[in-house]
Amino acid sequence: MAIGYTVDERLDCKGLNCPLPVIKTKKALEKMAVGQVLEMVATDPGSKSDMVAWSKSTGHELLETKEEPGLFMFYVRKTR
Amino acid sequence: MAVTPQELDQVVAAKVKELAEHRLEQMVREQVRAALDAEAKKSSRPKRVAIVSSKGTLDAAYPPLILATTAAALDMEVGVFFTFFGLHILKKKGLENLKFVPVANPAMPMPMPNLLGALPGMTGLATLMMKQTIKHKHIASIPELMELAKESGVKLWPCQMTMDMMDIKWNDLIDGLEEPVGAATFLEFASHADITLYV
């Protein structure tokens, strides 16, 4: 668990279902600089495992996952 | 003291053995290094996904496009070969007008006897209901997924043979496609793929 990071961009994926959350996350990261952190919020429960798989596949760091009733927040750092 | 022929032989033999072993060790080291470099190059290239899309109904258009766009989001290299009725998805008149057929599908959300599903108008009704469900549940539409696929660099190949067989012209197809190709082109691409799927 990484501490002390600041969120540079936020992405709202509420109401979007697979595969849109991971697709939009990748698109959002493309516009950011290496080292920056993106906060992505989704309502799709499938996005929990999808984001882990996405981070493994792309090499970008999934810093933290937070869960609230009906909401999933993902914090991703662009590593390359 | 003069050197005897036997002594000379021995010296030469020893020297040859030494040189040969040294050279052999060098050669082995070079070969191993080359093999390791080739392996490293192989594992650093992105995973490749090859998909065949052979059916043109609304429900059958989803798997290839969802898999393709998701794979692209996972930084994989993706190519989709649209053949036979899959080519229908690439038609200007097809992409937004795909149909959902309620016949011979016991897994339908609202199962019905085939005889009923085959009545005139049932395909239209089933398609409408399916489209409404898709919109209601915020699932991406097929045109949206196709756009996403093109934006993510997914290669979309129309099958040349299918175009010839069904008299489909290049102008009948949507933009953003690769040149029509044959099975050999797709198979060559798929021969280096990590994942190959037939839908």
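What to note about this one:
- Student exercise, the stretch B:1-44 dipole from Lys, Arg, Asp, Glu Cβ charges, in Debye to nearest 20: 280
- For chain B, the Cβ-based charge dipole about the Cα centre amounts to some 780 debye (Lys, Arg positive; Asp, Glu negative; other atoms uncharged).
- Taking every DSSP beta bridge that has both ends in the protein assembly as shown, the antiparallel portion is near 40%.
- Rounded to 5, percent antiparallel among DSSP beta bridges of the stretch B:47-198: 5
- Relative to the longest principal axis of the Cα atoms of chain B, helix B:5-44 runs at roughly 20 degrees.
- Whether the protein assembly as shown is rounded, prolate or oblate, judged on the alpha carbon gyration tensor where a/c under 1.5 counts as rounded: oblate
- At R0 = 51 Å, FRET efficiency that the Cβ-Cβ distance of residue A:12 and residue B:31 yields, to 0.05: 0.40
- Helix A:47-58 vs. chain A, principal-axis angle (Cα, 0 to 90°, nearest 10): 30
- Scanning chain B for trypsin sites (Lys or Arg not before Pro) in DSSP loops with at most 10 neighbouring Cβ atoms within 10 Å leaves B:1-136 as the longest stretch between them.
- For the segment B:65-74, counting C-beta atoms of other chains within 10 Å of every residue's C-beta and taking the mean gives 5.
- Listed residues A:32, A:43, A:63: farthest to the positive end of the dipole of the stretch A:9-77 (Cβ charges): A:32
- Comparing mean-square fluctuations of A:70, A:59, A:35 from a GNM of chain A with C-alpha springs under 10 Å, the top value falls on A:70.
- Distance from the stretch B:111-142 to the stretch B:22-43 (C-alpha centre basis), Å: 60
- Rounded, prolate or oblate (a/c below 1.5 giving rounded, otherwise prolate when a/b exceeds b/c) for the stretch B:1-90 by Cα gyration tensor: prolate
- Dividing the summed helix terms, -39500 (n - 2.57) for each DSSP H run of n ≥ 4, by the number of residues in chain B produces a 222 nm estimate of -16500 deg cm²/dmol to the nearest 500.
- Shape call, the stretch B:47-198: gyration tensor on alpha carbons, a/c limit 1.5: prolate
- The charge dipole of the stretch A:9-77, taken about the Cα centre with unit charges on the Cβ atoms of Lys, Arg (+1) and Asp, Glu (-1), comes to about 200 debye, rounded to the nearest 20.
- For the stretch B:1-105, GluC sites (Glu not before Pro) meeting the loop criterion (DSSP other than H, G, I, E, B) and having at most 14 other Cβ atoms within 10 Å: B:96.
- The Cβ shell under 14 Å around residue B:123 holds other residues with a net charge of +1, Lys and Arg each +1, Asp and Glu each -1.
- Considering only B:14, B:83, B:115, and ranking their Cα positions along the charge dipole of chain B that arises from unit charges at the beta-carbon of Lys, Arg, Asp and Glu, the one farthest toward the positive end is B:115.
- Rounded to 10°, Cα long-axis angle of helix B:122-136 versus longest principal axis of chain B: 70
- Distance between the stretch B:162-199 and the stretch A:44-71 - C-alpha centres, whole angstrom: 34
Bear in mind these aren't lab numbers, they're just calculated from the coordinates by the rules spelled out. These numbers come from a predicted model, not from an experiment. Positions of Cβ are generated from backbone atoms using ideal geometry, with glycine treated the same way; all protein chains shown enter the neighbour counts.
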